Each structure stands twice: as C-alpha cells, then as structure tokens.
1. Two decimals is fine: what is log10 I(q)/I(0) at q = 0.16, 0.22, 0.24 Å⁻¹ for the range 108-197, from a Debye sum with one equal scatterer on every Cα and no solvent?
2. How much length is gained if the chain between GLN48 and THR141 is pulled fully straight, taking 0.36 nm per residue apart and subtracting their Cα-Cα distance, in nm to one decimal?
3. Report, please, the projected area of the range 93-134 averaged over directions, based on the convex hull of its C-alpha atoms, in nm².
4. Tell me, what is the percent relative contact order of the range 104-246, built from C-alpha pairs under 8 Å that lie six or more residues apart?
5. Find the relative contact order for the chain and round it to a whole percent, using C-alpha pairs within less than 8 Å whose residues are 6+ positions apart.
6. Add -39500 (n - 2.57) for each DSSP H run of 4 or more in the chain, then divide by its residues: what number comes out at 222 nm, to the nearest 500 deg cm²/dmol?
7. For LYS139, which aspartates and glutamates qualify as cross-link partners when the Cα separation must be under 13 Å and same-chain residues fewer than eight apart are set aside?
8. Please list, or write none, the aspartates and glutamates whose alpha carbon is within less than 19 Å of the alpha carbon of LYS274, excluding same-chain residues fewer than 8 places away.
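We did not get these values from a lab; they are worked out from the coordinates using the rules stated. None of these values were measured; they are calculated from a predicted model. Cβ placement follows ideal geometry from the backbone for every residue including glycine, while neighbour counts extend to all protein chains displayed.
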Amino acid sequence: MKDNKPQDNQPEIVSNPKKLEKSNFKKLSKEEQKQIKQRIKEVDKLNQQHKGEINMPLRDPNNIIELRGVKKIFTNGYLINDILKGVDLDIKRGEFVIILGPSGSGKTTLMNIMSGLDRATEGDVRVCDQQLINMSHTKLTEFRKKNIGFVFQQYGLLPTLTVEENVEIEADLQVDKSRRINPAKALDAVGMLDYAKKFPHELSGGQQQRVSIARALAKNPIILFGDEPTGAVDETMSKVILKEFVKVNKELKTTVIIVTHNPIFAELGTLVIKVRNGEIAELYKNEHPKGVDDLKWDQ
C-alpha cells in the first residue's frame, strides 16, 4: 500500500517518548543526532498522503470500519511520540460503540483517524469502503462531509445564528443532497423544534448540546462520533443527551461511536473498546446493553 516504510533498525532513543530538550539533543553523538533527524523526516513523510487506491471495499460487508496495524506517530521538535501502536479493529454497521480510556491513552487520536480528522502514519484504515490513509486533505474533507457527524464536548454553535440556521449550515455540507435531513425534522428528533428561532445564548448547556446533535444529524451521517459529549453538563442533562444518541442508533440505524473516560458508559454499548498506552487493552461485545436510566451514576 505504501513504498516509504521506515527501517526497523532505529536507535532505541528514537522511539523513547521522553522529551529531548535541545540542550540534551546536543549532548548526543553526531551519529545519534543524525539518526533522530532522519527518523523525524521519515515520520513526517509517512504522516502525509500515502500512495494507493482510495476506493477499497471492506473485507466483511457487515463492517463499517476496519483497521489493521494502525500507527500514529507525532513529532514535535526532537520528540517522537508513538500515540497508536498497531491497532487492529472491526466495527460493524449499526453498532453502538463506547471507546474508554484515560487522558493520553490514544482514544481521541483513534477517533480522529477513524473519522478522517487525521491520517494514520502507518496501517490500513478502511471506513465506508474508502481507504483513508491514501486520501489527500481535500478528499478527507469531502469524506467527512458525506459520511461523518460529530458531537464534541464544546457545542460550537454559531452565536449570531438561530438554532435552525445552525442546523441548516451543517445540512448544506452534505454533498449528497438526497441524504440531507430537513433541519426541522432533525430538531424535532431531539426535542428542540420549539426552540428553532432561539439563539444559542438563550439555551441551557444541555439544550445547546441537543442542538449540536441535531446539527450532526442534519446531513444524515453514516457514522456519528461523540467526543466526551456529556463532559460539560450535569448528570441529569447527561442522561438526556445519551438518550438522544441511543435513539439515533436504534431508530436511524446510525453507527454511533462515543469516546469517553467515564466507565459507566460502557454498559450502554454493544461494543466496548478500552484503550491504554496507544493499544487496545480490552475489547468485548455487550449482548445486553443497559438503558440510560439503568446506569448507576454514583458508583
């Protein structure tokens, strides 16, 4: 798939994630400095668009995402940091996925790669029958517009636009016009139609987050990602928001992937993925997911 894979015989210091200050770097031998600079150059090249086909069917037609040997490496000055370390993962269509992990575990980077917000350094990233690692930034943007919806912790509503106008903007991003959902219908789906003419500052935090879900739904995404979607609201509103995600998954058959540090959410998912130190530490199917009201928030 690519012809620029780095060599394996790198000095140990290259893969060490500790920060190398410039003064420390200068203390290294010229050969070590040379090897580190070369490795940084190779990684930066690998983080660019890879050569190869873009249209690439999934191995299993029941899957929506397939990852094989996915690595993500970041460079910063003289620091080379392995964030994802060879992830293999299959996610089926219509799944309700919970990705768990502490801060710095790599869970958000994993989401970014699956959603096309970022490109893997190495590996096979097939999503919706597309090979994302071979896409240019322009193609990745088109891919996201057509297939992916996002709900982030920060609502991101435009303050000078009404609720309805915020949703309309997202619907217009859908390049396949036949897929678009009427903004009023999207707002009605999350119980916010009566607030269509309101401005964001007139809404509570929970209401704004429900609007952000409607906004994501307006382009009828194949996959809906939530990155700590309840992080800015209290328990009561968290339940309301989670119920909206469950509703979208069950009624629209949308694949939902929620990234969180909260272990309670695991009981909601049909597939639970625990990420630790850039690797999948645990993965299991949940044959009997609980309802939102059955979650024990005080544990």
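1. With one equal scatterer per Cα and no solvent, log10 I(q)/I(0) is -0.76, -1.11, -1.20.
2. Values: separation 93, 0.36 × 93 = 33.48 nm, distance 1.47 nm.
Value of the extension gain: 32.0 nm.
3. Details: hull surface 14.2 nm².
Averaging across all directions leaves 3.5 nm² for the Cα convex hull.
4. Numbers: 201 pairs, mean separation 39.8, N = 143.
About 28 percent, as a whole number.
5. Value for the chain: 20 percent.
6. Values: 8 runs with 92 residues, N = 299.
Estimated from H runs of four or more residues: -9500 deg cm²/dmol.
7. Partners found: GLU53, ASP118.
8. Cross-link targets: GLU66, ASP82, ASP88, ASP90, GLU95, ASP227, GLU228, GLU282, GLU287.
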